[in-house]
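Contents: one structure, followed by commentary.
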Amino acid sequence: MTNDPEGHAKKPVIISLGEVLWDILPEGKTAGGAPVNFTYHAIQNGADGYSVSALGNDKLGDELEATVRNAGIHCLFERNSYPTGTAGVAVEDNENSYTITENAAWDHLKITDDIRKAVDMADGIAYGTLASRNEESRSAIMELLESAPHDAFRFFDINLRGDYFSRDLIDQLLGTATYFKMNDSECAFLRSLFGIGGNDDDACQWFFSRYPGLEYVALTAGRRFSCITARTGERSYIKTPHIKMLNAIGSGDVFDGVMATELLKGASMPEAHQKAVNTAAYVCTQREAWPAYPDEIPDYVSWQHLRQDT
(Lines give C-alpha, C1' and ligand atoms only; values in the text may rest on other atoms or scores of the structure.)
Protein backbone atom coordinates (compact mmCIF):
# COMPACT_ATOMS: atom_id res chain seq x y z
CA MET A 1 0.00 0.00 0.00
CA THR A 2 1.16 3.51 -0.78
CA ASN A 3 0.44 6.64 1.24
CA ASP A 4 -1.23 9.88 0.23
CA PRO A 5 0.67 13.21 0.45
CA GLU A 6 -0.37 13.56 4.12
CA GLY A 7 1.06 10.16 5.01
CA HIS A 8 -2.26 8.33 5.35
CA ALA A 9 -2.65 4.88 3.83
CA LYS A 10 -4.19 5.24 0.40
CA LYS A 11 -7.36 3.29 -0.24
CA PRO A 12 -6.85 0.55 -2.84
CA VAL A 13 -8.76 1.26 -6.05
CA ILE A 14 -10.81 -1.80 -7.02
CA ILE A 15 -12.91 -2.03 -10.17
CA SER A 16 -15.45 -4.71 -11.01
CA LEU A 17 -16.31 -5.54 -14.60
CA GLY A 18 -19.60 -7.13 -15.58
CA GLU A 19 -23.25 -7.59 -14.89
CA VAL A 20 -25.36 -5.27 -12.80
CA LEU A 21 -29.01 -6.27 -12.59
CA TRP A 22 -32.12 -6.62 -10.52
CA ASP A 23 -32.43 -9.91 -8.63
CA ILE A 24 -36.14 -10.75 -8.74
CA LEU A 25 -37.18 -12.57 -5.57
CA PRO A 26 -40.66 -13.57 -4.35
CA GLU A 27 -40.58 -10.64 -1.92
CA GLY A 28 -39.50 -8.10 -4.54
CA LYS A 29 -36.45 -6.90 -6.46
CA THR A 30 -33.01 -6.11 -5.09
CA ALA A 31 -29.88 -4.74 -6.74
CA GLY A 32 -27.41 -7.45 -7.63
CA GLY A 33 -24.91 -9.02 -9.94
CA ALA A 34 -21.73 -10.62 -8.58
CA PRO A 35 -19.35 -7.84 -9.70
CA VAL A 36 -21.33 -4.99 -8.11
CA ASN A 37 -21.92 -7.08 -4.97
CA PHE A 38 -18.15 -7.54 -4.78
CA THR A 39 -17.64 -3.79 -5.10
CA TYR A 40 -20.07 -2.94 -2.31
CA HIS A 41 -18.26 -5.18 0.16
CA ALA A 42 -14.83 -4.05 -1.00
CA ILE A 43 -15.90 -0.48 -0.21
CA GLN A 44 -17.20 -1.49 3.22
CA ASN A 45 -13.77 -2.93 3.95
CA GLY A 46 -11.80 0.15 2.96
CA ALA A 47 -11.50 0.17 -0.83
CA ASP A 48 -12.30 2.90 -3.31
CA GLY A 49 -14.71 0.87 -5.43
CA TYR A 50 -15.96 1.29 -9.00
CA SER A 51 -18.51 -0.76 -10.95
CA VAL A 52 -18.22 -0.95 -14.75
CA SER A 53 -21.37 -2.14 -16.52
CA ALA A 54 -24.26 -1.06 -18.74
CA LEU A 55 -27.91 -0.28 -18.09
CA GLY A 56 -30.89 0.25 -20.34
CA ASN A 57 -32.51 3.58 -21.03
CA ASP A 58 -35.52 2.52 -19.01
CA LYS A 59 -37.13 2.95 -15.61
CA LEU A 60 -35.44 -0.15 -14.21
CA GLY A 61 -32.09 1.31 -15.27
CA ASP A 62 -32.83 4.65 -13.62
CA GLU A 63 -33.84 2.93 -10.39
CA LEU A 64 -30.86 0.58 -10.42
CA GLU A 65 -28.29 3.30 -11.02
CA ALA A 66 -29.79 5.38 -8.19
CA THR A 67 -29.70 2.38 -5.86
CA VAL A 68 -26.07 1.57 -6.65
CA ARG A 69 -24.96 5.19 -6.28
CA ASN A 70 -26.81 5.52 -2.98
CA ALA A 71 -24.83 2.52 -1.73
CA GLY A 72 -21.63 4.53 -2.15
CA ILE A 73 -20.40 2.79 -5.30
CA HIS A 74 -18.76 4.79 -8.08
CA CYS A 75 -20.88 3.94 -11.14
CA LEU A 76 -19.35 3.74 -14.60
CA PHE A 77 -22.56 2.66 -16.31
CA GLU A 78 -23.08 3.17 -20.02
CA ARG A 79 -26.76 3.51 -20.93
CA ASN A 80 -27.92 1.79 -24.12
CA SER A 81 -31.06 0.70 -25.96
CA TYR A 82 -31.14 -2.84 -24.51
CA PRO A 83 -33.23 -3.65 -21.42
CA THR A 84 -31.73 -3.39 -17.97
CA GLY A 85 -30.75 -6.84 -16.75
CA THR A 86 -32.85 -8.98 -14.43
CA ALA A 87 -32.41 -12.41 -12.88
CA GLY A 88 -35.12 -14.52 -11.32
CA VAL A 89 -33.78 -16.07 -8.11
CA ALA A 90 -35.13 -19.27 -6.56
CA VAL A 91 -33.84 -20.21 -3.10
CA GLU A 92 -34.11 -23.75 -1.73
CA ASP A 93 -32.18 -25.03 1.31
CA ASN A 94 -30.03 -21.88 1.14
CA GLU A 95 -28.96 -22.80 -2.40
CA ASN A 96 -29.70 -20.29 -5.16
CA SER A 97 -30.68 -20.90 -8.77
CA TYR A 98 -30.95 -18.13 -11.36
CA THR A 99 -32.96 -17.47 -14.51
CA ILE A 100 -31.04 -14.68 -16.21
CA THR A 101 -32.55 -12.43 -18.88
CA GLU A 102 -30.63 -12.70 -22.15
CA ASN A 103 -29.52 -9.85 -24.43
CA ALA A 104 -29.53 -7.40 -21.53
CA ALA A 105 -27.84 -4.01 -21.48
CA TRP A 106 -24.76 -5.42 -19.73
CA ASP A 107 -24.27 -7.86 -22.62
CA HIS A 108 -23.35 -4.83 -24.75
CA LEU A 109 -20.63 -3.11 -22.73
CA LYS A 110 -18.66 -0.43 -24.55
CA ILE A 111 -15.49 1.18 -23.24
CA THR A 112 -15.69 4.91 -22.53
CA ASP A 113 -12.91 7.37 -21.71
CA ASP A 114 -14.05 7.42 -18.07
CA ILE A 115 -13.82 3.64 -17.89
CA ARG A 116 -10.32 3.69 -19.37
CA LYS A 117 -9.19 6.33 -16.87
CA ALA A 118 -10.54 4.33 -13.94
CA VAL A 119 -8.92 1.09 -15.10
CA ASP A 120 -5.60 2.88 -15.60
CA MET A 121 -5.47 3.63 -11.85
CA ALA A 122 -6.74 0.25 -10.64
CA ASP A 123 -4.96 -1.69 -7.92
CA GLY A 124 -7.37 -4.58 -8.37
CA ILE A 125 -9.92 -5.74 -10.96
CA ALA A 126 -12.71 -8.26 -10.35
CA TYR A 127 -14.56 -10.28 -12.98
CA GLY A 128 -16.29 -13.60 -13.68
CA THR A 129 -17.56 -15.60 -16.64
CA LEU A 130 -21.17 -14.46 -16.96
CA ALA A 131 -20.53 -10.98 -18.37
CA SER A 132 -18.49 -12.56 -21.18
CA ARG A 133 -21.38 -14.66 -22.51
CA ASN A 134 -21.81 -12.11 -25.33
CA GLU A 135 -18.88 -11.36 -27.65
CA GLU A 136 -19.36 -7.59 -27.38
CA SER A 137 -18.90 -7.46 -23.61
CA ARG A 138 -16.29 -10.24 -23.71
CA SER A 139 -14.11 -8.20 -26.06
CA ALA A 140 -14.46 -5.10 -23.90
CA ILE A 141 -13.60 -6.98 -20.71
CA MET A 142 -10.55 -8.65 -22.25
CA GLU A 143 -9.34 -5.31 -23.60
CA LEU A 144 -9.67 -3.72 -20.15
CA LEU A 145 -7.86 -6.61 -18.46
CA GLU A 146 -5.02 -6.32 -20.97
CA SER A 147 -4.76 -2.53 -20.63
CA ALA A 148 -4.87 -2.43 -16.81
CA PRO A 149 -1.61 -1.78 -14.93
CA HIS A 150 0.66 -4.81 -15.09
CA ASP A 151 0.84 -5.06 -11.29
CA ALA A 152 -2.92 -4.75 -10.71
CA PHE A 153 -4.35 -7.80 -8.94
CA ARG A 154 -6.85 -9.59 -11.13
CA PHE A 155 -9.56 -11.32 -9.04
CA PHE A 156 -11.42 -13.98 -11.01
CA ASP A 157 -14.40 -15.69 -9.38
CA ILE A 158 -15.58 -18.15 -12.00
CA ASN A 159 -19.27 -17.95 -10.90
CA LEU A 160 -20.61 -20.43 -13.46
CA ARG A 161 -24.23 -19.71 -14.37
CA GLY A 162 -26.40 -21.84 -16.65
CA ASP A 163 -24.57 -22.66 -19.86
CA TYR A 164 -23.10 -19.17 -20.31
CA PHE A 165 -19.49 -20.31 -20.55
CA SER A 166 -17.12 -22.50 -22.52
CA ARG A 167 -13.81 -24.23 -21.93
CA ASP A 168 -12.07 -21.63 -24.11
CA LEU A 169 -13.58 -18.73 -22.14
CA ILE A 170 -12.61 -20.25 -18.79
CA ASP A 171 -9.08 -20.94 -20.04
CA GLN A 172 -8.75 -17.40 -21.38
CA LEU A 173 -9.94 -15.75 -18.16
CA LEU A 174 -7.81 -18.00 -15.96
CA GLY A 175 -4.83 -16.93 -18.02
CA THR A 176 -5.38 -13.34 -16.90
CA ALA A 177 -5.94 -14.02 -13.18
CA THR A 178 -3.84 -13.39 -10.09
CA TYR A 179 -6.48 -14.78 -7.71
CA PHE A 180 -8.95 -17.48 -8.70
CA LYS A 181 -11.98 -18.63 -6.70
CA MET A 182 -14.30 -21.56 -7.30
CA ASN A 183 -16.80 -23.42 -5.17
CA ASP A 184 -16.75 -27.18 -4.65
CA SER A 185 -19.26 -27.96 -7.41
CA GLU A 186 -17.36 -25.72 -9.84
CA CYS A 187 -14.12 -27.46 -8.85
CA ALA A 188 -15.66 -30.85 -9.66
CA PHE A 189 -16.87 -29.53 -13.01
CA LEU A 190 -13.45 -28.07 -13.87
CA ARG A 191 -11.67 -31.28 -12.91
CA SER A 192 -13.88 -33.11 -15.40
CA LEU A 193 -13.58 -30.40 -18.06
CA PHE A 194 -9.78 -30.26 -17.96
CA GLY A 195 -9.14 -33.89 -17.00
CA ILE A 196 -7.54 -33.03 -13.65
CA GLY A 197 -6.77 -36.08 -11.50
CA GLY A 198 -6.18 -36.46 -7.78
CA ASN A 199 -7.92 -34.55 -5.00
CA ASP A 200 -8.83 -30.89 -4.59
CA ASP A 201 -5.32 -30.00 -3.41
CA ASP A 202 -3.93 -31.60 -6.56
CA ALA A 203 -6.39 -29.52 -8.58
CA CYS A 204 -5.07 -26.31 -7.00
CA GLN A 205 -1.52 -27.29 -7.93
CA TRP A 206 -2.66 -28.08 -11.47
CA PHE A 207 -4.00 -24.54 -11.85
CA PHE A 208 -0.69 -23.09 -10.64
CA SER A 209 1.24 -25.21 -13.13
CA ARG A 210 -0.97 -24.25 -16.07
CA TYR A 211 -1.43 -20.53 -15.32
CA PRO A 212 1.86 -18.86 -14.34
CA GLY A 213 0.21 -15.58 -13.33
CA LEU A 214 -1.88 -17.19 -10.59
CA GLU A 215 -0.76 -16.43 -7.03
CA TYR A 216 -3.80 -17.68 -5.07
CA VAL A 217 -6.45 -20.34 -5.57
CA ALA A 218 -9.52 -20.21 -3.32
CA LEU A 219 -11.93 -23.12 -2.87
CA THR A 220 -15.19 -22.60 -0.98
CA ALA A 221 -17.51 -25.40 0.08
CA GLY A 222 -20.65 -23.74 1.41
CA ARG A 223 -21.48 -24.82 4.94
CA ARG A 224 -18.35 -27.00 5.23
CA PHE A 225 -15.14 -25.01 4.73
CA SER A 226 -13.07 -22.65 2.62
CA CYS A 227 -9.42 -23.04 1.72
CA ILE A 228 -6.92 -20.61 0.19
CA THR A 229 -3.70 -21.94 -1.32
CA ALA A 230 -0.81 -19.72 -2.39
CA ARG A 231 1.71 -20.47 -5.10
CA THR A 232 4.36 -20.37 -2.35
CA GLY A 233 2.74 -23.41 -0.73
CA GLU A 234 1.13 -21.48 2.14
CA ARG A 235 -2.36 -22.75 2.94
CA SER A 236 -5.25 -21.43 5.02
CA TYR A 237 -8.15 -23.76 5.88
CA ILE A 238 -11.18 -22.58 7.88
CA LYS A 239 -14.41 -24.40 8.66
CA THR A 240 -17.60 -22.46 7.90
CA PRO A 241 -19.11 -20.76 10.97
CA HIS A 242 -22.37 -21.98 12.47
CA ILE A 243 -24.84 -19.09 12.25
CA LYS A 244 -28.54 -18.39 11.97
CA MET A 245 -28.69 -17.85 8.22
CA LEU A 246 -31.25 -15.43 6.82
CA ASN A 247 -29.90 -14.75 3.32
CA ALA A 248 -27.11 -16.53 1.45
CA ILE A 249 -27.44 -14.57 -1.81
CA GLY A 250 -24.10 -13.00 -2.68
CA SER A 251 -22.16 -14.56 0.20
CA GLY A 252 -19.37 -15.57 -2.17
CA ASP A 253 -19.14 -11.99 -3.40
CA VAL A 254 -18.72 -10.81 0.21
CA PHE A 255 -15.88 -13.30 0.63
CA ASP A 256 -14.20 -12.07 -2.56
CA GLY A 257 -14.60 -8.38 -1.79
CA VAL A 258 -13.01 -8.76 1.64
CA MET A 259 -10.19 -11.02 0.41
CA ALA A 260 -9.32 -8.60 -2.38
CA THR A 261 -9.33 -5.51 -0.21
CA GLU A 262 -7.39 -7.06 2.65
CA LEU A 263 -4.69 -8.50 0.36
CA LEU A 264 -4.29 -5.13 -1.35
CA LYS A 265 -4.05 -3.43 2.06
CA GLY A 266 -1.15 -5.71 2.93
CA ALA A 267 -2.81 -8.31 5.16
CA SER A 268 -1.34 -11.79 5.23
CA MET A 269 -3.28 -14.49 3.42
CA PRO A 270 -4.50 -16.14 6.68
CA GLU A 271 -5.57 -12.76 8.08
CA ALA A 272 -7.44 -11.86 4.91
CA HIS A 273 -9.07 -15.28 4.79
CA GLN A 274 -10.29 -15.12 8.40
CA LYS A 275 -11.79 -11.67 7.88
CA ALA A 276 -13.46 -12.85 4.65
CA VAL A 277 -15.03 -15.84 6.40
CA ASN A 278 -16.22 -13.77 9.35
CA THR A 279 -17.70 -11.05 7.15
CA ALA A 280 -19.46 -13.44 4.78
CA ALA A 281 -20.96 -15.23 7.78
CA TYR A 282 -22.15 -11.95 9.29
CA VAL A 283 -23.79 -10.83 6.03
CA CYS A 284 -25.63 -14.17 5.85
CA THR A 285 -27.27 -13.31 9.20
CA GLN A 286 -28.75 -10.16 7.64
CA ARG A 287 -31.78 -9.96 5.35
CA GLU A 288 -30.16 -7.50 2.94
CA ALA A 289 -27.36 -8.48 0.56
CA TRP A 290 -25.87 -5.00 1.11
CA PRO A 291 -26.35 -4.46 4.85
CA ALA A 292 -24.84 -1.67 6.90
CA TYR A 293 -21.74 -2.98 8.66
CA PRO A 294 -21.45 -2.93 12.47
CA ASP A 295 -18.50 -1.22 14.14
CA GLU A 296 -16.90 -4.64 14.52
CA ILE A 297 -17.59 -7.85 12.59
CA PRO A 298 -18.07 -10.86 14.92
CA ASP A 299 -14.99 -13.11 15.03
CA TYR A 300 -16.82 -16.39 14.53
CA VAL A 301 -13.62 -18.15 13.44
CA SER A 302 -11.87 -17.56 16.78
CA TRP A 303 -14.98 -18.05 18.92
CA GLN A 304 -15.84 -21.38 17.29
CA HIS A 305 -12.20 -22.54 16.84
CA LEU A 306 -12.66 -23.02 13.11
CA ARG A 307 -9.14 -22.60 11.77
CA GLN A 308 -7.65 -25.95 10.81
CA ASP A 309 -4.54 -25.25 8.76
CA THR A 310 -2.46 -28.25 7.83
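Annotations
- Top-ranked residue in region 203-241 [being polar (S, T, N, Q) and part of a strand (DSSP E or B); ranked as farthest from PHE180 (Cα to Cα)]: SER236
- Among the residues making up region 53-62, those that are part of a strand (DSSP E or B) and not hydrophobic (A, V, I, L, M, F, W, C) are SER53, GLY56.
- Selection status of LEU109, of a type outside the set (S, T, N, Q), farther than 13 Å from LEU17 by Cα and modelled with pLDDT of 95 or more: no
- Qualifying residue in region 87-104 (condition: at pLDDT 95 or above, under 29 Å from ALA248 (Cβ atoms) and buried (at least 21 other Cβ atoms within 10 Å of the Cβ)): yes
- Scanning region 48-66 turns up at least one residue that is out of contact with any strand residue (DSSP E or B) (no Cβ under 9 Å at 6 or more places or on another chain), surrounded by fewer than 20 Cβ atoms within 10 Å (Cβ to Cβ) and hydrophobic (A, V, I, L, M, F, W, C).
- In region 252-267, the residue that is farthest from the chain's Cα centre (by Cα) out of those that are surrounded by fewer than 21 Cβ atoms within 10 Å (Cβ to Cβ) and touching a residue at least 12 places away in the same chain (Cβ under 8 Å) is GLY266.
The values are calculated or read from the model by the stated rules, or taken from the named source; none is laboratory data. All figures in this text were calculated on a predicted structure; none of them were measured in a lab. Virtual Cβ from ideal backbone geometry, glycine too; neighbours counted across all protein chains shown.
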